[in-house]
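The values are calculated or read from the model by the stated rules, or taken from the named source; none is laboratory data. Computed from a predicted model, the values in this text were never measured in an experiment. Glycine gets a Cβ as well: all are built from the backbone with ideal geometry, and neighbour counts include every protein chain shown. What goes into the accessible areas is simple: the full protein's heavy atoms, side chains included, and nothing from ligands, DNA or RNA. Shrake-Rupley method; radii C 1.70, N 1.55, O 1.52, S 1.80 Å.
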Amino acid sequence: MEKERIGVYICHCGSNIAGTVDVAEVSRWAGEALKDRGVVVSRDYKFMCSSLGQELIQKDIKEQGLTRVVVAACSPHLHEQTFRNACKEGGLNPYLCELVSIREQCSWIHPDKAVGTEKAKAIVSGGVEKVIWDEPLEPLRVPINPVTLVVGGGIAGIQAALEVANAGYPVIMVEREPSIGGHMAQFDKTFPTLDCSACILTPRMVEVGSHPNVKLFSYAEVANVSGYVGNFQVTIKQKARSVNTDLCTGCGICQEKCPKKVIDPVFEAGLGYRKAVYTPFPQAVPKYPVIDRENCTYFLKGTCKACEKFCPTGAIDFNQEDEYFTFDVGQIILATGWDLFDARRIPQYGYGRLANVFTSLEFERLSNAAGPTGGKIVLRDGVTVPKSVAIIHCVGSRDKNYNPYCSAICCMQSLKFAHLVHERTGAEVYNFYIDMRTPAKGYEEFYQRLLEEGTHFIRGKVAEITDAARYPGEEGKLIVQAENTLIGKQMRVPVDMVILSAALEPRHDFKEVARLFGISCSEEGWLIERHPKLDPVATMTEGIYIAGCAQGPKDIPASVAQGAAAAARVVGKIQQKEITMEPIRASIDQDKCSGCRICNNMCPFNAISFIEDRMVSEVNPALCQGCGTCVAACPAGAISGTVFSDQAILAQLDGLLLNNVKAIDLTPA
Amino acid sequence: MSEQFEPVIIGFTCNWCSYRAADMAGMGRIKYAPNIRLIRLMCSGRLDPTFIIKAFAGGADGVLVSGCHPGDCHYIEQNYKAMRRFYLLRRLLAQMGIEPGRLKLLWASAAEGQIFADEVTKFTEEVRALGPLNWNPTAALEAEQIIHEPAEVAA
């Protein structure tokens, strides 16, 4: 092998490095001690990252014919790209440049100049040994399919789908329920402006349903995902609606005629009824109903068929089966939303045992003009208007027994409830809170408004809700027992109705979702973003984005913002037409591979597949993320990783231990 | 250099968490033992146990393996694989005549510069107390064979 011509550049970084490292000495040492290793130029300069510093490298590449460059300066996380680009412009492949850190890991951690200088020498020596093994590489380019899959048809998914579709790219939306709309469709009013939820949501739903670029699958789930960024294959399971959507006009006669009434546990939160053939609500998108086979009399007993008899277009199809569709998509946005905390888990709050304890979603339906009571706020008996109502905040959140996190929306939601109760019933309202959290635009003002409206705010965590009267005036009431921590006194507040502002929880099937899409979730089950501040909608898996409450509890404005943000990322990628990926990849030497398949299970990205007919494994470079675990695992040493090959790492190790120069010292004269 | 023994420690860090923890320690100007020299891998899962043995054979007195916290791996779960290899190797090292205390596993997130610095200092002192390794792998291998021979005969 012809000897490389290596240039070494030691940066002063003003006094940041030069203060505790004798840069001139390191430079001199590298030029002399590492001469036999191929170092032909060794310089130190005040600021290597400056344009003058970069020009220095470029000049040497041209004049000295450098084939490798080592820069000893700051962390590669700061300036690796800078120096790679400098080399590229100087005519050297950017991956033949190595940046080693003598600032963060050396000059800044120790005050002693002699010690710092010695350590810097070792670090430079390691860099020189490694750079010898570096290979010229080209970034990987993969074409990107413009079709985007949006999973979840709540407000975050709707926003994302519309943004992408309006940019002119095709969208496939998958929604588990018979209609899109998500939780927002259940609400009556939205805080803090109190505008009607349906009025702002349904136009968006209709837009999705009728958009020429959106293909909508409701009552469907994603069954399988394979592939990689730009080139995913997804299989969608369309559950049998028992209604032929080509024939159905959505007239609703079937729902009218269906004799079977069942409690609706999803949309009406168990508070109202629907038929066995149903759309969850009148403005449902798509308009086609589904037959709930578990409750349909025909499916249970084999007779009835009232819907079929009355359907004017003959759209009812009892023999329909689940169908599977496979699509190629380029990118995926997950907006799978949230589940409500099961308030039964806190037995002392009596939900499910005490009739007039309601959950927040139940109250949303109760107060909704299109809900089971037509918007009348009444007790469970359906007629009695409450004279006093307690609203309990932080039920199942900010509680280490259940969920440690803050659910973010409950304070504002509880204020909204307080306002609606006050406005519609004139009842006395008691809000039991731990801390009031009203940080967004217009929220604090809404809180002030509620204070003026005369809502009672009691700072204290409720210990118990009971119907056991102890004092006069408590008979027939629900008694809320709490300590008012502002005055340090125990209180018993008798009320007619209690509303529990229950926590937002991750979807019950978050684990399956995370596994299906190859992304990770937090301990609680929220999907994890790439960076909590700077990359909140991307995930660690290229091409998969998250939006809305799937990422963590948030309100409607934040969900919409995330949906739009995810869409912007997707559209940005599509417009590049191809994706550039760092060429840090593993590859398998087919001649060395014994076909043992140990590596197959090592890869969390399913990048390694076994080729049956040749009995060897192969790495898909577009799926491979370059972690190198398979490289370390291969017993035959058949897998190698670019940038971090075995030889490069062992060479760097030798350099760091200064064995490269020791060997020279030991050579007999 | 001073009279006291200055151990040479090699640290294998991952690109995403532990190397950034070292960056963070530097940026915070946290002072810690300078004996450690880092090798940046993409992931702790890249760590071939051979690297550690080569480090000891090449003159290192201690080796630190550092990665993202369990559950935080940039590559989903590869640090668990590093962990499995670590414990297996540590047992092997003892059989080769290397004190298990010369090998340390440290989980450090990108925010844990202080923890990284403190642990490196602590580890450096522990290795200093153990003294120079001066490990001769050839001799160790021979010793290994001597131990194994009677067992084989017995089998």
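With a requirement of 2 or more residues that are modelled with pLDDT of 90 or more and more than 10 Å from every other protein chain (Cβ to nearest Cβ), the strands (runs of 3 or more DSSP E) lying completely within the stretch A:562-669 that satisfy it span A:586-588, A:608-611, A:616-619, A:639-641. Does any residue of the stretch A:305-321 turn out to be closer than 30 Å to A:Leu361 by Cβ and surrounded by 16 or more Cβ atoms within 10 Å (Cβ to Cβ)? Checking the stretch A:305-321: at least one residue is closer than 30 Å to A:Leu361 by Cβ and surrounded by 16 or more Cβ atoms within 10 Å (Cβ to Cβ).
Screening the stretch A:489-527 for residues that are open to solvent by 50 Å² or more (accessible area, probe 1.4 Å) and assigned to a loop (DSSP other than H, G, I, E, B) and picking the one that is nearest to the other protein chains (Cβ to nearest Cβ) gives A:Glu523.
Okay, residues lined up against (1) open to solvent by 60 Å² or more (accessible area, probe 1.4 Å); (2) in a strand (DSSP E or B):
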| residue | (1), (2) |
| --- | --- |
| A:Val429 | no, yes |
| A:Phe432 | no, yes |
| A:Arg437 | yes, no |
| A:Ala440 | no, no |
| A:Phe446 | no, no |
| A:Arg449 | yes, no |
| A:Glu452 | yes, no |
| A:Ile458 | no, yes |
| A:Ile465 | no, yes |
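How many residues are of a type in the set (Asp, Glu), touching a residue at least 24 places away in the same chain (Cβ under 8 Å) and closer than 20 Å to A:Val131 by Cβ when one looks only at the stretch A:1-24? Give the derivation first.
Within the stretch A:1-24, the first condition is being of a type in the set (Asp, Glu), and the residues that meet it are A:2, A:4, A:22.
Those still in the list that are touching a residue at least 24 places away in the same chain (Cβ under 8 Å) too: A:4, A:22.
Imposing the further condition that a residue be closer than 20 Å to A:Val131 by Cβ reduces the set to A:4.
Within the stretch A:1-24, residues that are of a type in the set (Asp, Glu), touching a residue at least 24 places away in the same chain (Cβ under 8 Å) and closer than 20 Å to A:Val131 by Cβ number 1.
Looking only at residues in the stretch A:3-43 that are closer than 12 Å to A:Lys121 by Cβ and assigned to a loop (DSSP other than H, G, I, E, B), the one that is most open to solvent (accessible area, probe 1.4 Å) is A:Asp22. Inside the stretch A:44-79, residues that are over 18 Å from A:Ser15 (Cβ atoms), touching a residue at least 40 places away in the same chain (Cβ under 8 Å) and outside any strand (DSSP E or B) make up a count of 8. Given the criteria free of Cβ contacts under 8 Å to residues at least 40 places away in the same chain, out of contact with any helix residue (DSSP H, G or I) (no Cβ under 9 Å at 6 or more places or on another chain) and under 22 Å from A:Ala220 (Cβ atoms), does A:Gly250 qualify? For A:Gly250, the condition - free of Cβ contacts under 8 Å to residues at least 40 places away in the same chain, out of contact with any helix residue (DSSP H, G or I) (no Cβ under 9 Å at 6 or more places or on another chain) and under 22 Å from A:Ala220 (Cβ atoms) - is met.
When the residues of the stretch A:403-418 are filtered to those that are in contact with a strand residue (DSSP E or B) (Cβ under 9 Å, 6 or more places away or on another chain) and in a helix (DSSP H, G or I), the one that is nearest to A:Val429 (Cα to Cα) is A:Ala418. Being in contact with a Gly (Cβ under 7 Å, 6 or more places away or on another chain) and in the same structural domain as A:Gly116 (by TED's automatic domain parsing) holds for only one residue in A:Ser42, A:Ser50, A:Ser75, and it is A:Ser42. The sole residue among A:Glu163, A:Glu177 that is among the acidic types (Asp, Glu) and under 23 Å from A:Gly230 (Cβ atoms) is A:Glu163. Scanning the stretch A:89-128 for residues that are within 7 Å of chain B (Cβ to nearest Cβ) and without any contact (Cβ under 8 Å) to a residue 12 or more places away in the chain returns A:Ile109, A:Val115. Considering only the stretch A:227-243, I want to know if a residue exists there that is out of contact with any Lys or Arg (no Cβ under 9 Å at 6 or more places or on another chain) and among the aromatic types (Phe, Trp, Tyr). Yes; the residues of the stretch A:227-243 include at least one that is out of contact with any Lys or Arg (no Cβ under 9 Å at 6 or more places or on another chain) and among the aromatic types (Phe, Trp, Tyr). Checked against (1) open to solvent by less than 20 Å² (accessible area, probe 1.4 Å); (2) modelled with pLDDT under 95; (3) out of contact with any Gly (no Cβ under 8 Å at 6 or more places or on another chain), A:Leu149 passes all but condition (2).
Of all residue pairs spaced 6 or more apart or on separate chains, none has beta-carbon atoms under 6 Å together with a first member in the stretch B:52-67 that is farther than 22 Å from B:Lys122 by Cβ and without any contact (Cβ under 8 Å) to a residue 40 or more places away in the chain and a second member that is among the acidic types (Asp, Glu) and in a strand (DSSP E or B). Condition first: within 7 Å of another protein chain (Cβ to nearest Cβ), more than 18 Å from A:Ala120 (Cα to Cα) and not in a strand (DSSP E or B). Now tell me which residues in the stretch B:1-52 satisfy that. The answer is B:Arg20, B:Met42, B:Cys43, B:Gly45, B:Arg46, B:Leu47, B:Asp48, B:Phe51. If you check A:Tyr298, A:Tyr324, A:Tyr273 for being among the aromatic types (Phe, Trp, Tyr), touching a residue at least 12 places away in the same chain (Cβ under 8 Å) and closer than 25 Å to A:Ile155 by Cα, only one passes: A:Tyr273. Residues that are basic (Lys, Arg) and in contact with a helix residue (DSSP H, G or I) (Cβ under 6 Å, 6 or more places away or on another chain) were ranked within the stretch B:55-97; the one that is farthest from B:Ala110 (Cα to Cα) is B:Arg90. Only residues that are open to solvent by 60 Å² or more (accessible area, probe 1.4 Å) and closer than 22 Å to A:Pro635 by Cβ were counted in the stretch B:64-109, giving 9. Each residue in the stretch A:528-561 was checked for being assigned to a loop (DSSP other than H, G, I, E, B), within 14 Å of another protein chain (Cβ to nearest Cβ) and under 22 Å from A:Cys624 (Cα atoms), and 7 pass.
Among the residues of the stretch B:53-81 satisfying the criterion of being aliphatic (A, V, I, L, M) and out of contact with any Lys or Arg (no Cβ under 8 Å at 6 or more places or on another chain), which is nearest to the other protein chains (Cβ to nearest Cβ)?
Quick first cut of the stretch B:53-81, residues aliphatic (A, V, I, L, M) only: B:53, B:55, B:57, B:60, B:63-65, B:76.
Retained after the next criterion (residues that are out of contact with any Lys or Arg (no Cβ under 8 Å at 6 or more places or on another chain)): B:53, B:55, B:57, B:60, B:76.
Working: B:Ile53: 11, B:Ala55: 6, B:Ala57: 10, B:Ala60: 6, B:Ile76: 4 Å.
By that ranking, first place goes to B:Ile76.
Could you please let me know if A:Val147 is farther than 25 Å from A:Gly641 by Cβ and not small (Gly, Ala, Ser)? Before you say what the answer is, go through the steps one by one.
On the way: farther than 25 Å from A:Gly641 by Cβ: yes; not small (Gly, Ala, Ser): yes.
Answer is yes for this residue.
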